[in-house]
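The values are calculated or read from the model by the stated rules, or taken from the named source; none is laboratory data. This one's a predicted model, so the numbers in the text were calculated from it and none came from an experiment. Backbone-built Cβ (ideal geometry, glycine too); neighbour counts: all protein chains shown.
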Amino acid sequence: MRLRNLLLIVTFILLNTSVTADDFKVDENNTEFNVYTGMFDFSDNGKRSTLLGFQHQNEDLNRDTIFGNISPITGAMITADNATYFYTGVQAHYKIGALNFTPSFSPGYYNEGNGKDLGHALEFKSEIQLSLELPKESQFGFSYNHLSNASLGDKNPGANSYMFNFLKKF
């Protein structure tokens, strides 16, 4: 809970600082798409389900901060049980040789469909991703995330998921 509050405060500060054109990093390949698939709520035998997702990042909006390179992300995922999650948030990017470490935080709208009831429509996704650089501006990675409503609802069961990611810059 304390980590989530810290992430909310950091996100608020980063989004509310003054921004000038010099703060943005512009690159020839400025759009990154992340297509991922994996297991939604793998730790709940009764409600686990496969998932498919898509995420977009525009590198024109990158910003170098004291916390590293920060950029906005937007995405959506759907499970085999028709649960959906639409989100927008921020991610940090750290490059370690051919490896990339990318933590992110994204609030979003969750609809349970025929899947797991997470207790509230507003859910927060905390995620970490490790990816390996591939030729032609591509990456292959693995990520883990946790969805939680931060006790906004009557219940807060949360959901833990893992995904395999393919990222491509255009």
- Message: Being surrounded by 15 or more Cβ atoms within 10 Å (Cβ to Cβ) and either touching a helix residue (DSSP H, G or I) at 6+ places or on another chain (Cβ under 9 Å) or more than 21 Å from Arg48 (Cβ to Cβ) (or both) is the filter here; which residues of the stretch 142-152 pass it?
- Response: Ser148, Ala150
- Query: Just one of Glu133, Glu127 is of a type in the set (D, E, K, R), assigned to a strand (DSSP E or B) and surrounded by fewer than 21 Cβ atoms within 10 Å (Cβ to Cβ); which is it?
  - Reply: Glu133
- Note on the structure: Of (1) under 17 Å from His146 (Cα atoms); (2) at pLDDT below 95; (3) of a type in the set (A, V, I, L, M), Leu52 satisfies every one except (2)
- Task: Quickly run through the stretch 47-98 and pick out the residues that are of a type in the set (Lys, Arg), buried (at least 16 other Cβ atoms within 10 Å of the Cβ) and in a strand (DSSP E or B).
- Result: Arg63
- Any residue at all in the stretch 108-117 that is touching a residue at least 40 places away in the same chain (Cβ under 8 Å), hydroxyl-bearing (Ser, Thr, Tyr) and closer than 18 Å to Tyr87 by Cβ? no
- Note on the structure: Scanning the stretch 136-151 for residues that are farther than 17 Å from Val35 by Cα and not small (Gly, Ala, Ser) gives His146, Leu147, Asn149
- The one condition in (1) within 18 Å of Thr31 (Cβ to Cβ); (2) without any contact (Cβ under 8 Å) to a residue 60 or more places away in the chain; (3) over 14 Å from the mean Cα position of the chain (by Cα) that Glu59 fails to fulfil: (2)
- Query: Can Gly68 be described as under 18 Å from Ser161 (Cβ atoms) and touching a residue at least 24 places away in the same chain (Cβ under 8 Å)?
  - Reply: no
